[in-house]
1. Cross-link list LYS203/LYS340; LYS134/LYS221; LYS323/LYS373; LYS281/LYS373: which exceed 32 angstrom alpha carbon to alpha carbon?
2. Quick check: the distance between the Cα centres of segment 138-166 and segment 68-82, to the nearest angstrom?
3. Provide the packing ranking of 144-150, 72-78, 226-232, 350-356, i.e. peptides ordered by the mean count of other C-beta atoms within 10 Å per residue, highest first.
Amino acid sequence: MLSSTCYSTFSIQSLNPTCPFTLHKPQIHNISISQITRTRILTCIINNSTSSKRMASVAATNEVGVEDQNELKKGIAELYDDSSGIWEDIWGDHMHHGYYEPQSSVELSDHRAAQIRMIEQALSFASLSEDSAKKPTSIVDVGCGIGGSSRYLAKKYGSTAEGITLSPVQAQRAQALADAQGLGDKVSFQVADALNQPFPDGKFDLVWSMESGEHMPNKEKFVGELARVAAPGGTIILVTWCHRDLLPSEESLLPEEKELLNKICKAFYLPAWCSTADYVKLLQSNSLQVTNSTNYYPLDILFLAKLFSFPANRLWLIWQDIKAADWSENVAPFWPAVIKSALTWKGFTSVIRSGWKTIKAALAMPLMIEGYKKGLIKFAIITCQKPE
């Protein structure tokens, strides 16, 4: 059973204690309000986004210096240059977790199917339409690996797809596989930075990021780029590793939790982690919303809208399309299976041949299991739609 959270307008007061408006039990009225800018109202709603205790980990992440970021990107590229061939040989072309039913017992042969299931579950969670008239026609795969998701989605929707990765080896292999599968005219790959994507604004109907967010040293810029390249009405699907949400009384993780995550960071070339709530707040700050088709709103919404000359239909549902879920239970069999595959003769010799970066990553795999078991590491999905 997966759990999900929909972040609606009624969470404004708790998300921003400095906002002077209190949302109480609504009284319903009908009114028509002209459309102006949303900038001023968003200032009130999110003006504490960088100071909130829940954003402490994001702020720490964004303090990574340029030199450190370049060193991090170099390490990420080299890790995947060295290890992608092993992964493909043993696990196939999808370099991400599989999706399993909780408490299920699985065999090694089940895992590739579980990786496809992960893609389908993510699409379903985002409520992506199967209607041929509404299917995405252009897709970007941010952190594409060797292009497994890009090719799968391009085939499924008959769309074009572009993938970006820091690894030249991955980009080259991804394109070779696309060409071999007859997708060379529809799918392309390049080496590029997810924090500075080489695409114009609003280009893609579907912005897809499957397990790349954890590598991003500036989460705010990362989310901003996802929002920027999404077309009006387009969908963003972000699946990533997070740490647990902080309690209201907490300013940071516990020292022992930080220590465990730091060990994982060193092995996998990760910057500081953030929580699912942090990602949701970053998406909110980018004003990702949907539009209500009715004109019936609570008095609170009407008051705010009239005060700031803001269209009520956009404020009323300003957060309602941002959904998040914890799929940690659904990925539980994954890391034990990866360790098991690494302990085969083929896996062991391949890891040794690949060099020290791959060996370090392999040795850190039990730490991921420990983090999941302690409830520290969360496998999160966050989806939303860009306003029309």
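1. In this structure, LYS203/LYS340 exceed 32 Å between Cα atoms.
2. About 22 Å separates the Cα centre of segment 138-166 from the one of segment 68-82.
3. 144-150, 226-232, 72-78, 350-356
Every number here is computed from the coordinates shown, using simple stated rules; none is lab data. Worth saying up front: this structure is predicted, and the values here are computed from it rather than measured. Neighbour counts run over all protein chains shown; Cβ positions are idealised from the backbone, glycine included.
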